[in-house]
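Structure first, commentary second.
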Amino acid sequence: EYMGRDRIIENAMFRHLRVPDPGLMAAVAKHANKSKEKISMPQVIDHMTKSLCTPVRQTVLNFKALDRMLHPFHWNLVQLTLKHREEKGEEPLAEVMEKIEVARKKMTEIGKEAAAKSKPFSLRVSTRPNAIAVLNQTVTAFEKVYAQEMLPHLRKLLEIQRELYRLPTIQTTIPTVVLVGAPNVGKSSIVRMFSSGRPVVQNYPFTTRGVSVGHFYLSDDTQCQVMDTPGLLALSPSRTRNLMENLTLRCVEYLPCVAVFVTDCSGHAGEQSNLPDQLQIRNELHERYPDRVWIDVLSKSDLMTPTTDVPAELSHAIRLSTNVTESAGANQLMNLLLTEAQNIRNRLKQQEEEKEKETQQTQNLETKTTLR
């Protein structure tokens, strides 16, 4: 928020004079009278300009660098959140930052012109009234631009920042089990079965339902996470993925995970999750992420009849009944996931060691170069 005209002037002067305790204007004038050197008013105004404009510029630069600062998964969450804001009619982030930059540049020009105008003056007694007049004119010009052209957009930027801070965090450096499939196929039951405690529901602004995240542990006490992602619907020429579905795809794409595709062949998942559509979704994901470890699961197998047609591509799938924990395939699935999670952990550990080794080699090379 704006600190007020007196504080701006005091802050600028004391930055220039390097007085440790910013007091009143009288203290500045007293210091100026005792000083043997002429206090440069252009430098004072320059400090005032920088104290207003530099933090704003750095904030905008930080927002522009989010794609480089964040993990790809978190960066995609930011993009989905910003797209959701735009769909609600909010101003795009890029436009907000552009308007802030225009106002900042205008304030910078005001500071430059004022600094040039103030060259003949200092805070000594003889020229102090003229110096204070220039300062007041400059601050008045700053206030006008700040209040009318910058502050409204800074508040929008702060609102976006707060919304991003509230996004639930998903760990991106631990083995993850991502449960995918159509709506109502029984993914949440599997999350509860695997979790050592009660799953935490992560709510995102662009989803109408939360994402359940549970945790389990490997034999070496390494923590892993298991996620129930929003259901996917079959694509058609007139339909594209919505924001909730894109969250599911980002989980599979960017997290170190094993993908568990859950299919319900019993016919109890609802019309939007009919078997042909489920198979279309499965095949789409299988082709899209060929390098992902893939496990097929048939849910609600106790509701299937002898005449239920199980597709050939699911003949190898692990079968779970409605009561997941008592299913014959529960232990099989648990053991398989523990094995795959351990494999992911080993790969992550190897990547960490290689990265650490590379960093050490770079440091050694820099040390040798310095010694030479």
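The values are calculated or read from the model by the stated rules, or taken from the named source; none is laboratory data. This one's a predicted model, so the numbers in the text were calculated from it and none came from an experiment. We place every Cβ from the backbone using ideal geometry, glycine too, and count neighbours over all the protein chains shown. Keep in mind that these areas ignore ligands, DNA and RNA; they rest on the heavy atoms of the full protein, side chains included. Shrake-Rupley method; radii C 1.70, N 1.55, O 1.52, S 1.80 Å.
Rounded, prolate or oblate for the stretch 294-336? Axes are the square roots of the Cα gyration tensor eigenvalues, ordered a ≥ b ≥ c, and the cut-off for rounded is a/c under 1.5. Here the stretch 294-336 falls in the oblate category.
Please compute the volume of the convex hull spanned by the alpha-carbon atoms of the stretch 53-132 and report it per residue in Å³. Before the final figure, lay out each step's value.
Details: hull volume 9.1 nm³, N = 80.
Once divided by residue count, the hull of the stretch 53-132 is 114 Å³.
So for each of 70-82, 307-319 I average, over its residues, the number of other beta carbons within 10 Å; can you give me the resulting order with the highest mean first?
Numbers: 70-82: 17.4, 307-319: 13.2.
Top to bottom by mean Cβ count within 10 Å: 70-82, 307-319.
What is the dipole size for the stretch 222-324, taken about its Cα centre, with +1 at each Lys and Arg Cβ and -1 at each Asp and Glu Cβ, in debye to the nearest 20?
Numbers: 8 positive and 13 negative charges, 39 e Å.
Magnitude of the dipole: close to 180 debye.
Just need log10 I(q)/I(0) for the stretch 86-194 at q = 0.13 Å⁻¹, Debye formula, equal scatterers on the alpha-carbon atoms, no solvent, rounded to two decimals. Debye curve over Cα of the stretch 86-194, log10 I(q)/I(0) at q = 0.13 Å⁻¹: -0.74. Take each peptide in 55-68, 131-144, count the other Cβ atoms within 10 Å of every residue, and average; sorted highest first, the result is 131-144, 55-68.
In whole percents, the pair-distance distribution calculated for the stretch 229-341 from its alpha-carbon pairs, binned every 10 Å from zero, is 12, 43, 36, 8, 0.
Going highest first, how would you order 278-287, 177-186 by mean Cβ packing within 10 Å?
Values: 278-287: 17.0, 177-186: 23.5.
Sorting 278-287, 177-186 by mean packing, highest first, produces 177-186, 278-287.
The residue list Val258, Leu338, Asn364 was ranked by how far each Cα lies along the charge dipole of the stretch 223-372 toward its positive end, using unit charges on Cβ atoms, and Asn364 comes out on top. Accessible surface calculations at 1.4 Å, restricted to protein heavy atoms, place the stretch 288-372 at 71 Å² per residue.
With the cut-off at 1.5 for a/c, could you classify the stretch 291-372 from its C-alpha gyration tensor as rounded, prolate or oblate? Mind showing how you got there, number by number?
Details: a/c = 7.59, a/b = 3.96, b/c = 1.92.
Prolate, since a/c reaches 1.5 and a/b exceeds b/c.
Taking label positions 7 Å along the Cα-Cβ direction at both Val102 and Thr369, the computed distance is 4.3 nm, reported to one decimal.
I'd like the carbon and sulfur percentage of the solvent accessible area for the stretch 41-170, probe radius 1.4 Å, heavy atoms only, ligands and nucleic acids excluded.
On the way: 3720 of 6960 Å².
Whole-percent figure for carbon plus sulfur exposure: 53.
Looking at the stretch 146-196, I'd like the Rg to Rh ratio, where Rg is from alpha-carbon atoms and Rh is Kirkwood's inverse mean 1/r. Taking Rh as the inverse mean 1/r over Cα pairs, Rg/Rh reads 1.31. For the stretch 327-369, a/c is not less than 1.5, where a ≥ b ≥ c are the root eigenvalues of the C-alpha gyration tensor, and a/b tops b/c. That puts it in the prolate class.
Would you work out which of Gln58, Leu82, Val139 lies farthest towards the positive end of the dipole of the stretch 52-154? Charges go on Cβ: Lys and Arg +1, Asp and Glu -1. The residue sitting farthest along the positive end of the dipole is Val139.
On a per residue basis, the stretch 38-100 carries 52 Å² of accessible surface, using protein heavy atoms and a 1.4 Å probe.
Give me the dipole magnitude in Debye, nearest 20, for the stretch 132-214 about the Cα centre, with unit charges on the beta carbon: positive for Lys and Arg, negative for Asp and Glu. Please list the in-between numbers first.
Working: 9 positive and 4 negative charges, 88 e Å.
Roughly 420 debye, rounded to the nearest 20.
Under Stokes-Einstein, with the Kirkwood radius over Cα pairs as Rh, the value for the stretch 159-302 at 25 °C and 0.890 mPa s is 155 µm²/s.
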